[in-house]
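**Student:** This structure is in structure tokens; I'll ask about it shortly.
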Amino acid sequence: MQLILDNLCPLARAAIEETIPLTVISFVIGLVIALVVALARLSSNVLLSGLARMYISLIRGTPLLVQLFLVFYALPQIGVRIDPFPAAVIAFSLNVGGYAAEIIRSAILSIPKGQWEAAQTIGLNYVDTYRRIILPQATRVAVPPLSNTLISLVKDTSLASTILVTELFRTAQNVAAPTFEFFALYGTAALYYWVICLVLSFGQSRLERRLERYVAR
């Protein structure tokens, strides 16, 4: 118990300084990638659509751990050296982009075609139709699955310990190694992950209720 109490602050610091920033930065960049890939996937251009399909297939068809190792350990062999934290951001962002792209694509496709026709009727061009009509409605549809992706990303950040990022799990490992108190320290780290996910789940519920206000009954 004393060991746990002594390490509550170091573990919390690791969560605040490494795990949460890694999650937020990767998720934001991943969403940008996902939107671009989703629009490319929906494009009538065969080349763009094909490249988007290939990217999604590669990301969804390979383990996240392998993607991390490719960025951090394999790229230096061709002269590209990346520090642990940026390497984790790149790998997680690309991973989120691959999964979230299909979520965004399906959300866009869920919008009735009549919305497109109505936008054309009032003179909106393609870009304005997406910006003012389609994406705001698709956002409401995409929030629940994207929130689940974010929660999964929080837990996946523990894999960053394999490329020397001193995040929450890595800190627990460092403390547990000399003391052999693995159950106590890993359990404490698990509790921190659980609390973070609980907060995100609460935020998801609040956001969903807020978005429901704008749905016509």
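**Student:** Looking at Asn95, Asn148 in this structure, which one is at pLDDT 90 or above, in a helix (DSSP H, G or I) and surrounded by fewer than 18 Cβ atoms within 10 Å (Cβ to Cβ)? Reasoning before the result, please.
**Tutor:** Numbers: Asn95 fails: surrounded by fewer than 18 Cβ atoms within 10 Å (Cβ to Cβ).
Within the list Asn95, Asn148, the selection yields Asn148.
**Student:** Hey, another quick one. Between a first residue in segment 1-22 that is touching a residue at least 60 places away in the same chain (Cβ under 8 Å) and of a type in the set (A, V, I, L, M, F, W, C) and a second residue that is surrounded by 16 or more Cβ atoms within 10 Å (Cβ to Cβ) and not in a helix (DSSP H, G or I), which pairs have beta carbons less than 8 Å apart while being 6 or more apart in sequence or on different chains?
**Tutor:** Correct list of pairs: Leu3/Glu181; Ala14/Thr166; Ala14/Glu167; Ala15/Glu167; Leu22/Val165; Leu22/Glu167.
**Student:** Which of the residues that make up segment 34-75 are of a type in the set (Val, Ile, Thr) and touching a Phe, Trp or Tyr at 6+ places or on another chain (Cβ under 9 Å)? Show your work before the answer.
**Tutor:** Residues of segment 34-75 of a type in the set (Val, Ile, Thr): 36-37, 46, 56, 59, 62, 66, 71.
Selection gives Val37, Ile56, Ile59.
**Student:** So Ile82 ticks every box in (1) surrounded by 13 or more Cβ atoms within 10 Å (Cβ to Cβ); (2) assigned to a helix (DSSP H, G or I) but one. Which box is left unticked?
**Tutor:** (2)
**Student:** Can you name every residue in segment 41-58 that is surrounded by fewer than 20 Cβ atoms within 10 Å (Cβ to Cβ) and in a helix (DSSP H, G or I)? Write out each step before concluding.
**Tutor:** Initially, segment 41-58 is screened for residues surrounded by fewer than 20 Cβ atoms within 10 Å (Cβ to Cβ), giving 42-51, 53-55, 57-58.
Result: Leu42, Val46, Leu47, Leu48, Ser49, Gly50, Leu51, Arg53, Met54, Tyr55, Ser57, Leu58.
**Student:** Oh, and also: Could you list, in sequence order, all residues of segment 109-128 that are surrounded by 16 or more Cβ atoms within 10 Å (Cβ to Cβ) and either on the phi > 0 side of the Ramachandran plot or modelled with pLDDT under 85 (or both)?
**Tutor:** Trp116, Ala119, Leu124
**Student:** For residues that are surrounded by 13 or more Cβ atoms within 10 Å (Cβ to Cβ), under 15 Å from Gln2 (Cα atoms) and in contact (Cβ under 8 Å) with a residue 40 or more places away in the chain, tally how many sit in segment 173-217.
**Tutor:** Residues meeting the conditions: 5.
**Student:** Condition first: of a type in the set (A, V, I, L, M, F, W, C), in a helix (DSSP H, G or I), out of contact with any Asp or Glu (no Cβ under 7 Å at 6 or more places or on another chain) and within 28 Å of Leu211 (Cα to Cα). Can you find one or more residues in segment 157-173 that meet it?
**Tutor:** no
**Student:** Looking at (1) surrounded by fewer than 17 Cβ atoms within 10 Å (Cβ to Cβ); (2) under 23 Å from the mean Cα position of the chain (by Cα), which one does Val154 not meet, given that it meets all the others?
**Tutor:** Result: Val154 passes all but (1).
**Student:** Going by the conditions given, is Ile4 over 20 Å from Ala190 (Cα atoms) and touching a helix residue (DSSP H, G or I) at 6+ places or on another chain (Cβ under 6 Å)?
**Tutor:** Answer is no for this residue.
**Student:** Right, here's the next one. Cβ-Cβ below 7 Å, separation at least six or inter-chain, first residue in segment 124-136 and under 18 Å from Ala40 (Cα atoms), second surrounded by 12 or more Cβ atoms within 10 Å (Cβ to Cβ) and of a type outside the set (A, V, I, L, M, F, W, C): which pairs?
**Tutor:** From residues that are under 18 Å from Ala40 (Cα atoms), the pairs are Ile134/Gln115.
The values are calculated or read from the model by the stated rules, or taken from the named source; none is laboratory data. Treat the numbers as computed from the prediction; the structure is a model and nothing was measured. When we count neighbours, we look across all protein chains shown, and the Cβ atoms used for this are built from the backbone with ideal geometry, even at glycine.
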